[in-house]
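The values are calculated or read from the model by the stated rules, or taken from the named source; none is laboratory data. It should be emphasised that the depicted structure is a prediction, and the values quoted were computed from it without experimental measurement. Note that each Cβ is placed from the backbone with ideal geometry, even for glycine, and that neighbours are counted across all protein chains shown. With ligands, DNA and RNA removed, areas are computed over all heavy atoms of the protein, side chains included. Shrake-Rupley method; radii C 1.70, N 1.55, O 1.52, S 1.80 Å.
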Amino acid sequence: QDNSFEQFIINYCNEKLQQIFIELTLKEEQEEYIREGIEWTHIEYFNNAIICDLIENNQTGILAMLDEECLRPGTVTDETFLEKLNQVCATHQHFESRMSKCSRFLNDTSLPHSCFRIQHYAGKVMYQVEGFVDKNNDLLYRDLSQAMWKANHSLIKALFPEGNPAKINLKRPPTAGSQFKASVATLMKNLLTKNPNYIRCIKPNDKKAAHVFNEALVCHQIRYLGLLENVRVRRAGYAFRQPYEPCLERYKMLCKQTWPHWRGPARAGVEVLFNELGIPEEEFSFGRSKIFIRNPRTLFKLEDLRKQRLEDLATLIAKIYRGWKCRTRFLLMKKCQVVIASWYRRYS
């Protein structure tokens with residue numbers, strides 16, 4: 001219920017992860033349609049870059065202003081920090097404070113005077129400003145690092161490499177917020193170089209009980225994880241896409257013209273295949289390098305037909321094998337009968 005500096009930086013990390021999720025899934029989904037030349041209805045989705053900028057902007061971001069308060073001379077308190085936020089962020093659409101110049105929050109009794117509220121991607125969160133400055137200014141000073149580095153224990157010495165006299169840095173140690181911001185930036189840079197797959201875990205209840213689903217809790221997590229936007233984009237577009245070559249290779253057995261070998265381009269083979277199966281034209285579209293299928297039921301139909309065709313082919317192979325085996329046995333028995341009969345007639 002009471003959110004302070006720790007929850008603030010955790011939610012900041014969640015916003016950054018949500019931002020990269022949007023970039024790597026929703027945005028990429030729509031860009032692929034443009035890249036493949038597929039016509040479809042563009043779906044607007046919320047990009048939380050504006051919230052990340054509110055927190056991490058180097059000039060007007062909340063973390064930047066917190067660092068400025070920690071470093072400036074004079075009397076610095078949590079109240080002066082909140083006052084600075086009220087001056088700089090008053091007009092921001094995702095920042096709310098009862099002390100700001102924005103008159104719409106002056107009579108908001110749900111927002112105490114010593115708090116500010118941020119409208120995050122998943123919803124509004126209120127933060128108690130008390131302790132922000134002290135927790136952000138929680139520094140490990142140089143003389144303490146040097147003392148720990150001089151310890152005889154190798155592990156303790158390894159934990160404080162900044163205490164090495166050969167690496168003395170006269171700059172003021174970074175604040176907790178700036179360290180966390182740098183760590184998040186490194187994480188985002190690392191993730192952008194990868195091709196991540198997402199596994200979304202939903203907590204059904206707070207009691208860890210089996211077969212109990214808290215509908216409000218589940219819906220909140222679904223909104224927070226961005227699954228609604230993902231579903232909307234998927235449903236507005238095409239649920240399945242695959243390059244022409246593997247698609248033709250998988251389903252070519254369903255059409256006599258493509259089975260067992262198709263001699264032309266893969267796209268032409270897929271067109272012949274879909275026309276032969278009688279799939280409605282509104283259910284698929286041809287991209288520059290991929291076939292796009294709109295509804296999952298069309299894909300399920302293809303899989304069912306393929307499964308049935310495999311069973312038919314297996315039956316055909318088994319029938320031919322049994323026929324060959326019986327004919328081979330019959331010919332062997334006939335040959336043996338001729339030999340036996342010839343020997344019998346010779347001695348009769």
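Yes/no per residue for (1) without any contact (Cβ under 8 Å) to a residue 60 or more places away in the chain; (2) open to solvent by less than 60 Å² (accessible area, probe 1.4 Å); (3) under 16 Å from His120 (Cβ atoms):
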residue: Asp2; (1), (2), (3): no, no, no
residue: Phe5; (1), (2), (3): no, yes, yes
residue: Glu44; (1), (2), (3): yes, no, no
residue: Asn48; (1), (2), (3): no, yes, yes
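Of the listed requirements (1) open to solvent by less than 40 Å² (accessible area, probe 1.4 Å); (2) among the hydrophobic types (A, V, I, L, M, F, W, C); (3) in the same structural domain as Gln146 (by the TED database), Leu159 misses just one: (1). The sole residue among Lys290, Lys301 that is farther than 21 Å from Gly37 by Cβ and at pLDDT 85 or above is Lys301. A count restricted to the stretch 190-212 and to residues that are open to solvent by 80 Å² or more (accessible area, probe 1.4 Å) and more than 15 Å from the chain's Cα centre (by Cα) stands at 5. Does the stretch 66-84 include one or more residues that are at pLDDT below 80, crowded, with 17+ Cβ neighbours inside 10 Å and aromatic (Phe, Trp, Tyr)? No, the stretch 66-84 has no match at all. Entry remark, the stretch 265-284: residues being of a type in the set (Gly, Ala, Ser), part of a loop (DSSP other than H, G, I, E, B) and within 21 Å of Glu36 (Cβ to Cβ) number 0 in total.
Based on what the data block shows, is Met148 surrounded by 13 or more Cβ atoms within 10 Å (Cβ to Cβ) and either in contact (Cβ under 8 Å) with a residue 40 or more places away in the chain or closer than 14 Å to Ile9 by Cβ (or both)? Answer is no for this residue.
Looking across Leu54, Leu71, one residue alone is among the aliphatic types (A, V, I, L, M) and farther than 19 Å from Glu130 by Cα. It is Leu54. The number of residues in the stretch 248-261 that are open to solvent by less than 40 Å² (accessible area, probe 1.4 Å), closer than 14 Å to Asn275 by Cβ and of a type outside the set (Phe, Trp, Tyr) comes to 5.
What about Cys52, is it among the hydrophobic types (A, V, I, L, M, F, W, C) and more than 27 Å from Gln18 (Cα to Cα)? Give the steps one after another, and end with the answer.
On the way: among the hydrophobic types (A, V, I, L, M, F, W, C): yes; more than 27 Å from Gln18 (Cα to Cα): no.
No: the conditions fail for Cys52.
Condition check for Ile279 on (1) under 25 Å from Gln30 (Cα atoms); (2) under 24 Å from the mean Cα position of the chain (by Cα): one failure, at (2). The single condition among (1) β-branched (Val, Ile, Thr); (2) surrounded by fewer than 12 Cβ atoms within 10 Å (Cβ to Cβ); (3) within 30 Å of Tyr244 (Cβ to Cβ) that Ile279 does not meet is (2). Regarding the stretch 69-81, can at least one residue be identified that is aliphatic (A, V, I, L, M) and without any contact (Cβ under 8 Å) to a residue 40 or more places away in the chain? No, because not a single residue in the stretch 69-81 is aliphatic (A, V, I, L, M) and without any contact (Cβ under 8 Å) to a residue 40 or more places away in the chain.
Residues that are assigned by the TED database to the domain that holds Tyr33, in contact (Cβ under 8 Å) with a residue 40 or more places away in the chain, part of a helix (DSSP H, G or I) and of a type outside the set (Ser, Thr, Tyr) do not occur anywhere in the stretch 200-216.
The residue of the stretch 162-184 that is modelled with the highest pLDDT, among those that are part of a helix (DSSP H, G or I), open to solvent by less than 80 Å² (accessible area, probe 1.4 Å) and among the polar types (S, T, N, Q), is Ser183. Among the residues of the stretch 85-101, those identified as crowded, with 20+ Cβ neighbours inside 10 Å and of a type in the set (S, T, N, Q) are Ser97, Ser100. Considering the conditions (1) within 21 Å of the chain's Cα centre (by Cα); (2) modelled with pLDDT of 80 or more; (3) over 30 Å from Asp134 (Cα atoms), Gly37 is excluded by exactly one of them, (1).
The set of residues from the stretch 285-312 being in contact (Cβ under 8 Å) with a residue 40 or more places away in the chain, surrounded by 11 or more Cβ atoms within 10 Å (Cβ to Cβ) and not in a helix (DSSP H, G or I) comprises Ser285, Gly287, Ser289, Lys290, Ile291, Phe292, Ile293, Arg294, Asn295.
I need the full set of residues from the stretch 184-199 which are of a type in the set (Val, Ile, Thr), in contact (Cβ under 8 Å) with a residue 40 or more places away in the chain and farther than 20 Å from Asn11 by Cα, in order please. Across the stretch 184-199, there are no qualifying residues.
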